[in-house]
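S.K.: The structure follows.
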Amino acid sequence: MIFNYAAAAELYIPKKGGRGARQPLSYRRFATATEAICFAVEDFPSIHALGTWMRVGDERFNSDDIRRLYESDNYPRRRRVRKSG
């Protein structure tokens, strides 16, 4: 699959403390998927635990997909260096 990192994206982050199938979500729109992926991975390292997901066009990407897109060789932005320790 070829992913368009330049496409507009919507990011949905479940709010803490929400329970059940209708957990409240925070919504944020980004001009590019690159920006949404960067925000999700670098600013919310617990995206997997929270159940964050992203929509680009008609496609939906779960937290594992977001992480794979971030780690892809095709990711167009420099990744933040993680501090050790």
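The values are calculated or read from the model by the stated rules, or taken from the named source; none is laboratory data. What you see is a predicted model, and the numbers here were worked out from it, not measured in a lab. Note that each Cβ is placed from the backbone with ideal geometry, even for glycine, and that neighbours are counted across all protein chains shown.
S.K.: Within the set of pairs 6+ apart or on separate chains, which have a first residue in the stretch 5-25 that is surrounded by 15 or more Cβ atoms within 10 Å (Cβ to Cβ), a second that is of a type in the set (S, T, N, Q) and modelled with pLDDT under 75, and C-beta atoms under 7 Å apart?
M.R.: PRO14/GLN23
S.K.: Ok, one more. Give the number of residues within the stretch 10-47 that are under 25 Å from ARG78 (Cα atoms), at pLDDT 80 or above and either part of a helix (DSSP H, G or I) or in contact with a helix residue (DSSP H, G or I) (Cβ under 8 Å, 6 or more places away or on another chain) (or both).
M.R.: Qualifying residue count, the stretch 10-47: 16.
S.K.: With respect to TYR70, is the statement that it is of a type outside the set (Gly, Ala, Ser), surrounded by 13 or more Cβ atoms within 10 Å (Cβ to Cβ) and modelled with pLDDT of 95 or more true?
M.R.: no
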